[in-house]
Each structure stands twice: as C-alpha cells, then as structure tokens.
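Structure, as structure tokens:
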Amino acid sequence: MHALATARRAPETDFRLQGPDASARNFQDSEWQKSVTDEHIEKIIKYGGAAVGKSPMMPANPDLSAKDEVAKALRVHIRELSNS
Ligand code: HEM
C-alpha cells in the first residue's frame, strides 16, 4: 500500500473521511474540466471551497487575493493537467 494511504490525520482534517463529495478533484478528468470556468478555478484557489459552495477542506489562499497573476498561473497549470 502507498505510504500516503496509511498516513494518519485527525478525522476532522482528513478529507477522505468527510464523505464522497469531499474528495479532492481529479484534475485529469476532462468532464470536470469542461464543467468549470476559468473564473471558478481562480476563485476557489483564492477564496477556498466554502466560498464557492464546495468542500471547506479546499483551503483559501488569502495571500493570493491581490495576486491575480499567481492564481492565473495555477489555473493554467490545472488546465494543462486535463487528459483530453
Ligand atoms: C496550490 C494548491 C491547490 C490548488 C491550486 C487547488 C485547486 C483546487 C481546484 C481548482 C479545485 C476544484 C474545485 C471544483 O471542483 O470546483 C479543488 C478542489 C478541492 N481541493 Fe484543492 N487546491 C489546492 C490545495 C488543496 C489542499 C492543500 C487541500 C486539502 C488538503 C485541498 C482540498 C481540496 C478538496 C477537498 C477539493 C474538493 C472540493 C469539492 O469538490 O467540494 N486542495 N482544489
């Protein structure tokens, strides 16, 4: 088994224990890629899951709120991961 799969975390900080909807996204999934806008991706990166009605396990990055170019670069990277 992979080491990451056995890592122990407190239940409240382990998104694997928060139910199926709290799993982190598979960014390779082209269906997911098509379903979200660039604006949505940049917003969740800056303000976290709770700000866009998603899991609060996706943390906010307040230091990026005034750094559009960094959020954009992360979004471009996520788009490049698509398998289509
Ligand atoms: C540079 C770091 C990160 C980036 C760029 C990033 C980006 C994203 C994006 C674009 C989504 C898609 C949300 C959607 O489907 O609408 C997402 C979801 C998610 N992320 Fe992150 N993330 C980062 C770090 C983290 C960390 C550190 C965690 C927690 C350990 C995390 C947990 C999650 C979870 C649980 C979701 C699923 C939210 C949901 O569908 O309800 N992310 N992230």
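Quick note: the coordinates plus some simple rules give every number you see, no bench work behind them. Note that this is a predicted model, so its numbers are computed, not measured. Positions of Cβ are generated from backbone atoms using ideal geometry, with glycine treated the same way; all protein chains shown enter the neighbour counts.
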Sort largest first and round to whole Å: the equivalent ellipsoid semi-axes of segment 25-84, each the square root of five times a Cα gyration tensor eigenvalue. 19, 14, 8
Extended-chain gain in nm, criterion 0.36 nm per residue less alpha-carbon gap, Asp29 and Val52: 6.3 nm
Under 12 Å from the Cβ of Ala60, count the other residues' Cβ atoms, weight Lys and Arg +1, Asp and Glu -1, and hand me the total. +2
Can you list the HN-Hα couplings for segment 55-67, worked out from phi with the Karplus curve (6.51, -1.76, 1.60; θ = phi - 60°), rounded to whole Hz and with x for Gly and Pro? 4, x, 5, 7, x, 6, 10, x, 5, 9, 4, 10, 10
